[in-house]
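Enquirer: Let me begin by handing over the structure; questions about it come next.
Please treat every number below as a calculation from the coordinates, not as lab data. Note that the structure is a prediction, hence the values are computed from the model and not measured. No Cβ is skipped: glycine too gets one built from the backbone with ideal geometry, and neighbour counts run over all protein chains shown.
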Amino acid sequence: GAVVSQHPSRVICKSGTSVKIECRSLDFQATTMFWYRQFPKKSLMLMATSNEGSKATYEQGVEKDKFLINHASLTLSTLTVTSAHPEDSSFYICSASLAGWEGTEAFFGQGTRLTVV
Amino acid sequence: GNSVTQMEGPVTLSEEAFLTINCTYTATGYPSLFWYVQYPGEGLQLLLKATKADDKGSNKGFEATYRKETTSFHLEKGSVQVSDSAVYFCALSMNTGNQFYFGTGTSLTVIP
């Protein structure tokens, strides 16, 4: 099946620094990718929809200036957590969709565990 | 709006026990329904799906039937194994824009 690769899988950063997370579709082109955040004991919450060649669409309550999303090519979307704080510590996961003969299926990256100290 | 309500865990079962994880949904329209599994330290993997009412998704001994009348998509397995220990997420997608709505996840631990 299609593969979505997310990097890094784990990152620890100091408070006030920025962290970039990459999401790549390895064997297909994705015009749209999605970024989710998973809180402890809670569901994955959609943060934003990343559109190739245009601005991302953010969900209500998500700070655009803190979570910068860039979708520069059909196979790469990046999420940059700017001026990170401990409350940004979380599990971030991306997905890309691929239309097939059985309908559209989403493929998820491995996720990134961010710890801000 | 669209949402998924999933049985809360954690769930602990003995090997070979019967598993049911309840999932109900609310949707404006006709969604596709999914179960994803997340093994420790890994991302989400599609376990099974159903795209229309009365469809049954199945994989690795797991089954779920799309019940429109009860807006449910309960996950079942007749005999769980230790290797089934993971977090299971019920989800829906409206297929327009491919956005997914997830339940809270249910942690399953199977003990020998």
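Enquirer: Let me check against my output: what whole-number percent is the relative contact order of the range B:32-85, with C-alpha pairs under 8 Å and at least 6 apart?
Expert: 24
Enquirer: Let me ask another. Could you state, as a whole-number percent, how many of the C-alpha pairs of chain B are farther apart than 20 Å?
Expert: Counting every Cα pair in chain B, those more than 20 Å apart make up 34 percent.
Enquirer: Testing the spin-label approximation: label points 7 Å from Cα along Cα→Cβ at B:A53 and B:T20. State their distance in nm.
Expert: 2.2
Enquirer: Along the Cα→Cβ direction, 7 angstrom out, place labels at B:M94 and A:E52. What is the inter-label distance in nm?
Expert: It works out to 2.4 nm between the two label points.
Enquirer: Something else about it: Sticking with the crude label model, points 7 Å out along Cα→Cβ, report the distance from B:S107 to B:E42 in nm, one decimal please.
Expert: About 1.9 nm, to one decimal.
Enquirer: Here's something else I'd like to know. Counting only Cα, what are the radius of gyration and maximum Cα-Cα distance Dmax of the range B:70-112, in Å?
Expert: Cα-based Rg and Dmax for the range B:70-112 come out at 13.4, 43 Å.
Enquirer: With 10 angstrom as the radius, rank A:R37, A:R10 by how many other C-beta atoms surround their C-beta, starting from the fewest.
Expert: A:R10, A:R37
Enquirer: Go through the cysteines of chain A and tell me which have no other cysteine Cβ under 4.7 Å away.
Expert: For chain A, the answer is A:C13, because their Cβ atoms have no other cysteine Cβ under 4.7 Å.
Enquirer: Follow-up question, since we're still on this one. Scan around B:V11 for amide H atoms under 5 Å from its own, H built in the peptide plane at 1.01 Å from N, and keep only partners 5 or more places away or cross-chain.
Expert: B:S107, B:L108, B:T109
Enquirer: Further, regarding this structure: Dividing the alpha-carbon Rg of chain A by 2.2 N^0.38 Å yields what?
Expert: 1.02
Enquirer: Ok, one more. Identify which of A:S43, A:S77, A:S18 has the largest mean-square fluctuation in a Gaussian network model of chain A, with springs joining Cα atoms closer than 10 Å.
Expert: A:S43
Enquirer: Determine the gain in length on full extension of the stretch A:S83-A:S18; use 0.36 nm per residue of separation and subtract their C-alpha separation, reporting nm with one decimal.
Expert: 22.9 nm
Enquirer: What ranking do B:C23, B:C90, A:C13 get, fewest neighbouring Cβ atoms within 10 angstrom at the top?
Expert: So the residues, fewest neighbours to most, are A:C13, B:C23, B:C90.
Enquirer: Here is a follow-up. If the viscosity is 1.002 mPa s and the temperature 20 °C, what translational diffusion coefficient in µm²/s does Stokes-Einstein give for the protein assembly as shown when Rh comes from Kirkwood over Cα pairs?
Expert: 118
Enquirer: When chain B is modelled as a GNM with alpha-carbon springs shorter than 10 Å, which of B:K77, B:K60, B:K52 fluctuates the most?
Expert: So, out of B:K77, B:K60, B:K52, the one fluctuating most is B:K60.
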